[in-house]
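Beneath this line is the structure, given in structure tokens, with notes to follow.
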Ligand code: CO8
């Protein structure tokens, strides 16, 4: 962890803040590596049940990969870059994650938000992929995730033109789940993770895996995975507690 990434815990919620406001929270490779390592650290920490990622200040969640960092890299480094891997660690973490976006989420910043399970944003936020204007492409999952989450036409439009997407449009497309004022966005993200953390932890993990598999399996294979995940949950104390709490008209204690 370095000063550019702040990790805190509030209740059961881990909060990661990209802390480079003077550079609109541009993401160096070290920053993304540190975020992914923090997810790994918290993965085994029983006290943290989910993660919020946000950016310092209200001008940017993150305005992309740090372009000065990219200037020093050529084919060899980019062939072996860990960027996609670190984003995948975040996306595939058993911990549910919420990106709280206030301001620009561009390039690698949009990709970081897409690596989270849920995105919430302020109405003034802007999303986009400016990379083709720099002679490069989104390279940390952007071409693959935007087309899967919002459709190939949407990905073509934003990647090939660099056009910014308003928060309202992102909300319409389902990329953003909730809109909140800047003053409330951090608390709203914490509340979402806190609410998830009160649900069955194994159910959350298996639901994440089942939903994720829908992006690259056949319907039959995905349904099979869902069936087996559900059957596995029926052998758990968590399921016993969840169903008993409903019948007993009380709050479950997972
Ligand atoms: N990298 C480095 N510095 C940045 C970045 C960035 N991405 N974005 C902003 N900054 C810096 C600016 O240089 C400026 O610094 P300084 O004050 O020292 O001059 C400061 O932040 C404030 O920025 P601006 O003065 O430009 O603020 P504006 O409000 O005028 O403009 C914009 C805001 C429109 C967001 C503008 O800053 C901008 O266009 N930024 C670049 C956006 C961009 O192109 N992002 C994509 C980067 S490439 C990328 O993300 C590739 C990801 C894939 C990599 C995966 C590898 C495997």
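Miscellaneous remarks
- On Cα atoms only, tilt of 201-213 relative to the major axis of the chain in degrees: 50
- Label-zone membership for the stretch 69-107, site residue 173, 7 angstrom Cα→C-beta point, backbone N under 13 Å: 105-107
- Between the beta carbons of residue 181 and residue 10, assuming R0 = 22 Å, the FRET efficiency works out to 0.65 to the nearest 0.05.
- For the chain, the antiparallel share of DSSP beta bridges with both residues in that region comes to about 25%.
- Computed from Cα atoms, the angle from the helix 237-247 axis to the main principal axis of the chain rounds to 70 degrees.
- Taking the longest Cα principal axis of the chain as reference, the axis of helix 219-233 is set at about 50 degrees.
- Mean-position separation - Cα centroids, the stretch 70-89 and the stretch 97-165, in angstrom: 18
- Nitroxide proxy distance, nm - points 7 Å out along Cα→Cβ at residue 220 and residue 153: 3.1
- Sorted fewest first by neighbouring Cβ atoms within 10 angstrom, 119, 186, 74, 209 come out as 74, 209, 186, 119.
- Taken along the Cα-to-beta-carbon direction at a fixed 7 Å, the label points for residue 124 and residue 205 span 4.1 nm.
- Where a label projected 7 Å from the Cα of residue 198 along Cα→Cβ would reach, residues of the stretch 1-43 with amide N under 13 Å: 12
- Label zone at residue 247 (point 7 Å along Cα-to-Cβ), backbone N below 18 Å, the stretch 195-239: 233-239
- The Rg/Rh ratio for the stretch 1-150, using Cα coordinates for both the radius of gyration and the Kirkwood hydrodynamic radius, is 0.94.
- Alpha-carbon centroid distance for the pair the stretch 182-248 / the stretch 1-34, whole angstrom: 27
- Rg followed by Dmax, in Å, when the chain is reduced to its Cα trace: 18.6, 62
Values in this text are rule-based calculations from the coordinates and carry no lab data. These numbers were taken from a predicted model, which means no experiment stands behind them. We place every Cβ from the backbone using ideal geometry, glycine too, and count neighbours over all the protein chains shown.
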